[in-house]
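A.B. asks: Below is one structure. I have some questions about it.
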Amino acid sequence: MSKTSQEEKGLDQSIKLEKIANKRAMPGVLSFSGSRQLLYMNVEAEELCSQLLETEPERKLDQEGLVPVEVHELCDALQQAPEAQADMKETDSVQIRRVIGGDRFPVLIRGFLVPDLTNDLEPRFLVLMEKMGRRSQVPTLETKIHFHLTDREYEIVTYVAEGRTNKEIAEVLQISEHTVKEHIKHILRKTHATTRTGILAQLLKHG
């Protein structure tokens, strides 16, 4: 193969890799000190927080008016987690997941209590935010077992996690929309949730 052909092949590969990278949604990233001081916030996190406020104008924000209070509540939960009471230098990290934003704009937030292994400074909080939809994490088989879901219920939950409507799920599975609603009622009961977002929150919590 000539040098020119090799360069063209390498260029084509780079373009393909760039396209793949562009398809992957960058999560919102927030970093807080142990005293809850905001240390870092990327553009994606700013946009998600702004969209959350647009869909719910009455949403409560922190004192600086930048971050939903649920994010700080997540940090509180991280700090109070049993794992956090142990010597953090013996632990990789502590993680908690929650879903905020309601059915109109559900956002998965994942909080990490990260130990500072370089010195004795207090640990920091890392929070990742991601809009839930068709690219959301698929519920694991562990969640199916934990909540005693049938094969059909697990199948429907997977489509719910993708952001599909009852009508879309019915079309894919070739069943009636009424049947889908009945399955979701059973799933709500088994997961002790009251909304579709609540189902996802429970599944992610135990996934």
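The values are calculated or read from the model by the stated rules, or taken from the named source; none is laboratory data. The structure presented is a predicted model; accordingly, all values stated were derived computationally and were not measured. Positions of Cβ are generated from backbone atoms using ideal geometry, with glycine treated the same way; all protein chains shown enter the neighbour counts.
A.B. asks: Could you check, for the range 104-125, whether at least one of its residues is modelled with pLDDT under 80, more than 19 Å from the chain's Cα centre (by Cα), farther than 21 Å from Thr197 by Cα and of a type in the set (S, T, N, Q)?
C.D. replies: yes
A.B. asks: Just the residues that are closer than 15 Å to Met132 by Cβ and either outside the structural domain of Gln80 (by TED's automatic domain parsing) or surrounded by fewer than 17 Cβ atoms within 10 Å (Cβ to Cβ) (or both), please, taken from the range 29-46.
C.D. replies: Selection gives nothing.
A.B. asks: For residues that are farther than 12 Å from Leu200 by Cα and β-branched (Val, Ile, Thr), scanning just the range 157-180, find the one that is modelled with the lowest pLDDT. Break it down into steps so the answer makes sense when it comes.
C.D. replies: At the first step, the residues of the range 157-180 found to be farther than 12 Å from Leu200 by Cα are 164-180.
Okay, now just the ones that are also β-branched (Val, Ile, Thr), so 165, 169, 172, 175, 179-180.
Numbers: Thr165: 84, Ile169: 90, Val172: 88, Ile175: 93, Thr179: 95, Val180: 94.
So, considering only residues that are farther than 12 Å from Leu200 by Cα and β-branched (Val, Ile, Thr), the one modelled with the lowest pLDDT is Thr165.
A.B. asks: Looking at the range 191-207, I want the residues that are at pLDDT 75 or above and have a partner that is aromatic (Phe, Trp, Tyr) with Cβ atoms under 7 Å, at least 6 apart or on another chain. Which pairs are those?
C.D. replies: That search, which allows pairs on different chains as well, returns Thr191/Phe147.
A.B. asks: Say we look at the range 138-148 and pick out the residues that are in contact with an Asp or Glu (Cβ under 9 Å, 6 or more places away or on another chain) and surrounded by 16 or more Cβ atoms within 10 Å (Cβ to Cβ); which of these is modelled with the lowest pLDDT? Give the derivation first.
C.D. replies: Initial filter on the range 138-148 (in contact with an Asp or Glu (Cβ under 9 Å, 6 or more places away or on another chain)): 138, 144, 147.
With surrounded by 16 or more Cβ atoms within 10 Å (Cβ to Cβ) added as a condition, the list becomes 144, 147.
Working: Lys144: 86, Phe147: 91.
Residue satisfying both the conditions and the ranking: Lys144.
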